[in-house]
Structures are given as C-alpha cells and as structure tokens.
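Here is the structure we will look at, set down as structure tokens.
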Amino acid sequence: MVLHDGSLIVLTAGQANTLTGLPGLTRLAEGLRNRLCILNVRQRSAPAHAVSLPGVLPNDVFTVWPEHLSAVLTTFAASDGRLLALLPTRHRGLTRVFVGNDFERLIRPGALPLLALPSTGALPPLRRVLFPADFAPRSDAAFTHTLALCSTFGAALHIVHVYGADALLPSETDQARRSATTNIRDLLAIDRELLSQYATRATEAGIPVQTATAEGRAHDVINRYANDQAIDLIVMATHGPRTPEDILFGTTTARTICAANVPVLAIPA
C-alpha cells in the first residue's frame, strides 16, 4: 500500500464543510502527486444539481448512488486509489450502536487509507504529525507511511506510546519476546527500546522527531496530546474491533476520530 502517485478520492454527500476543506485536500493531493477526485454520493430524494468545484476538472467529479458506493470504492482500491477523504459522521452512544458511523464502515482490511476530516472540514498545512505507537508488528507499515508523509511535507514527527487498558491481543505483539520477560521493568525496557528505534528511523530519514509516553485511555491521551502540541494530523494503524468494548463503543481509532479536533489518517494494518 502506498499513498503517492494515484488518486485521492474525496467522498461527499454535499456537506458544505467538505467543500471548505478542498484547498487543504488539493494541497495534500499535489504533495502526494495524486489526482484529486470528488465522489458525490447522491441520495435519491435529493434534487439533481450541477457540482461546481473550483480547481477540479469536470471529469474528476463523479456521482454515485449509495448502493453503488462500495463497488466504486473497491474499483478505486484495486486500481489507482491511494487515499479516501471524508467529513465523517460522529455518532456516539446508542445512536452509534443503532445507526453507526460511515467512517467505521469504510475502515476495513483491504480498504483505502481513510482521512477523517474534523468537524470544520479544514486540513491545515502539515507541520506537526502525530503517530501513536502501539508497537504491533503489523503497525509498522503505517509508521513507514507516516515517515514518507513527513518527508514529503517537511513536517516534524511526534511519537507517543500510551500505557493503559487498551492492550493489543497477544497475536498482534512481539509475543515470544514479551513472554520471556520476568517483570514489569523488562516489559517497559522493551517498549523504550522500540520507541527509540522508531525515533532513530525518523532521524535517519532527516525528520525532526519528539517522543513521549503517557498513561490513560489511548483515545483520550492521543487527542489531548494533539491539542497540547498543536498537531496538524494524526496517523493511526487500525486493527479493527478486538474486544466487546470495541464493538459497543468503538475501537481506539474510532473513538479518536469522534473526539478529534484535527484530521485523522487511519491506515488498515
């Protein structure tokens, strides 16, 4: 999976804030050498109307019915699709359980990386990028993409590792090495070593890097850190639901997106 040299698809149902974000999305597409495509999902009850988007060629605007959306996105993902951007719904509680969120339906294995815009629709210039490191081996590809983004846009990288209740399944971690430890200090030493390795990779790529650790619920810590450090983009590896709590309340990525004041790029692990 790569982010460069393909199509950046902007999914919209006509929300004004999606159009507000077009300058930032255009800037992102140009930096990634992507063709910007607007995919307008038209509800059958909505009146037909012409779509006028400054700076977008007419043949880069497509209109689809909701029932055809999945097939269209699958086609993009199998061809030159690189990234899917949208202004997501942010339902919580029982509304989320019964209605769901559009972005959660779109984050799945084999799907395009998903850029969830904040409620303002704004995508600022990328100066500071945050990568929450869970140290799952299959999250490494997401970190590699994060390094490429930072290099492309000259952004500084912040890496934060959160200690708390949001543990990965044993199959998603370096199980053999962790099982060989005898105390909590050895486990902490492994995490410090991995955090250092991530920082070294960034430094070797010429990217300014800052690391941090924190304790708490991952989605709360991630959003608090993003606000405190004026982060412009959060990049997360997504693993899908792992526990009954994830199914009921949403995964760490989903809960981060619901409360985030900045764009979140979710990359399926």
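The values are calculated or read from the model by the stated rules, or taken from the named source; none is laboratory data. The model shown is predicted, which means the values in this text are computed figures rather than measured ones. Because the Cβ atoms are built from the backbone with ideal geometry, glycine has one as well, and the counts that use them run over all protein chains shown.
Among the residues in segment 22-31, are any in contact with a helix residue (DSSP H, G or I) (Cβ under 8 Å, 6 or more places away or on another chain), at pLDDT 90 or above and more than 28 Å from THR251 (Cβ to Cβ)? Yes, segment 22-31 contains at least one residue that is in contact with a helix residue (DSSP H, G or I) (Cβ under 8 Å, 6 or more places away or on another chain), at pLDDT 90 or above and more than 28 Å from THR251 (Cβ to Cβ).
One residue is enough: does segment 94-102 have a residue meeting the conditions within 23 Å of PRO23 (Cβ to Cβ), part of a loop (DSSP other than H, G, I, E, B) and not assigned by TED's automatic domain parsing to the domain that holds THR20? Scanning segment 94-102 turns up no residue that is within 23 Å of PRO23 (Cβ to Cβ), part of a loop (DSSP other than H, G, I, E, B) and not assigned by TED's automatic domain parsing to the domain that holds THR20. Scanning for something part of a loop (DSSP other than H, G, I, E, B), surrounded by fewer than 19 Cβ atoms within 10 Å (Cβ to Cβ) and at pLDDT 85 or above, does segment 56-78 turn up at least one residue? Yes, some residue in segment 56-78 is part of a loop (DSSP other than H, G, I, E, B), surrounded by fewer than 19 Cβ atoms within 10 Å (Cβ to Cβ) and at pLDDT 85 or above. Only residues that are buried (at least 22 other Cβ atoms within 10 Å of the Cβ) and either over 21 Å from GLY154 (Cα atoms) or β-branched (Val, Ile, Thr) (or both) were counted in segment 210-237, giving 9. Which residues, taken from segment 111-167, are free of Cβ contacts under 8 Å to residues at least 12 places away in the same chain and either among the polar types (S, T, N, Q) or not in a loop (DSSP other than H, G, I, E, B) (or both)? Within segment 111-167, ASP140, THR144 qualify.
Within segment 238-261, which residues are crowded, with 20+ Cβ neighbours inside 10 Å, assigned to a loop (DSSP other than H, G, I, E, B) and out of contact with any helix residue (DSSP H, G or I) (no Cβ under 6 Å at 6 or more places or on another chain)?
HIS239, GLY250, THR251
Screening TYR225 against (1) under 18 Å from the mean Cα position of the chain (by Cα); (2) outside any loop (DSSP other than H, G, I, E, B); (3) farther than 13 Å from VAL162 by Cα leaves a single unmet condition, (3).
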